[in-house]
Structure formats: C-alpha cells, structure tokens
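Asker: Pasting in a structure now, in structure tokens, and then I'll have a few things to ask.
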Amino acid sequence: MALREDISKDVSVALKAGEKEKLSTIRMLLSAVKYKEVDLRRPLNDEEVQGVAGTLIRQRQDSVEQFRKGNRPELADKEEREIEVLKAYLPPQMTAEVLRALIKKLAAEAGASGQKDMGKLMKAVMLHVKGKADGKLVNDIVKEVLGP
C-alpha cells in the first residue's frame, strides 16, 4: 500500500504548495483508487494502483485526441498536463528500442514466425512488460517483428 500512501501524501503537498491543477488530478486518482478498493472490498496493491493510474492516463489520451479533433486545444493541453502528473505514479516506461529487443527475443523463444502467432507472443510479452510499456506500442512492435 506504499504507493497509495504516497498519493495521499502528495495531496497534502500539492495543497500546501497551492498547485490547484496538480491537486485536482491527484485527488481524482485517489478517488479512483478508493472506488476500486470499495468495488473489490479490499485494499489495492501497488501494481493495482498503477493499473488505475494507467486507465486514467488512457482515458485522458483519448480525450486529448477528441479535443484536438474538436478544435479545443486549451482542453487538450489541460488533459496532457494531467497525464504528466499521473505518469509519476507509473513505473519507468520502456523505450521502443528496449521493447523491440525483448519482443524479438521472446519471439525466438516462442518460435513465433507469423501473424498466426500474434496472440501467443502478445501474451508472453505483456507478462514481461505489464505497466512498463504502452499496450498499443507493444502491439505495433509485435506486428512489425512478426511481419506480414
């Protein structure tokens, strides 16, 4: 529960520092974590808290895309700032190069050679990179490695 406690402490730090936007984002995350805990009827571990943060980030990324299409750059910018605050609660993300090397290694180990093996390879890769890489990036690199 250390990550959840860090989030609670960050609320008071942001409050004392007068960072209104950061405060509202952290409060939103804490609220989502509490909601998930009530739903599951147990405290969340760090990995589950990171999963909640990841979900909120994906939601904001979708919003940014929609706001840009709707010609609302000020709202898109606000969502992007929220994403940056939320990323602080995720583990460091793997670079595309490191991810590509890992996927090639796992593809060789699994004997994956074509698109028919994509599901098997994605499952193996996601076990290794859960929370450390964006699923869309993983999917794109797996498609690239497996070829047409």
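Asker: What is the residue count in the stretch 1-55 for residues that are more than 27 Å from Lys130 (Cβ to Cβ) and not β-branched (Val, Ile, Thr)?
Answerer: 11
Asker: Give me the residue from the stretch 2-48 that is polar (S, T, N, Q) and part of a helix (DSSP H, G or I) and, out of that set, surrounded by the most Cβ atoms within 10 Å (Cβ to Cβ).
Answerer: The extreme case among them is Thr25.
Asker: Show the residue pairs meeting these rules: Cβ distance below 6 Å; 6+ apart or different chains; first residue within the stretch 54-83 and within 21 Å of Lys20 (Cβ to Cβ) and surrounded by 15 or more Cβ atoms within 10 Å (Cβ to Cβ); second residue of a type in the set (Asp, Glu) and at pLDDT 95 or above.
Answerer: Listed by first residue and then by second, the contacts come to Arg60/Glu79; Arg60/Glu82; Ser63/Glu79; Val64/Glu79; Val64/Glu80.
The values are calculated or read from the model by the stated rules, or taken from the named source; none is laboratory data. What you are looking at is a predicted structure, and each value in this text was computed from that prediction instead of being measured. Cβ sites come from the backbone with ideal geometry, for glycine too, and all protein chains shown count toward neighbours.
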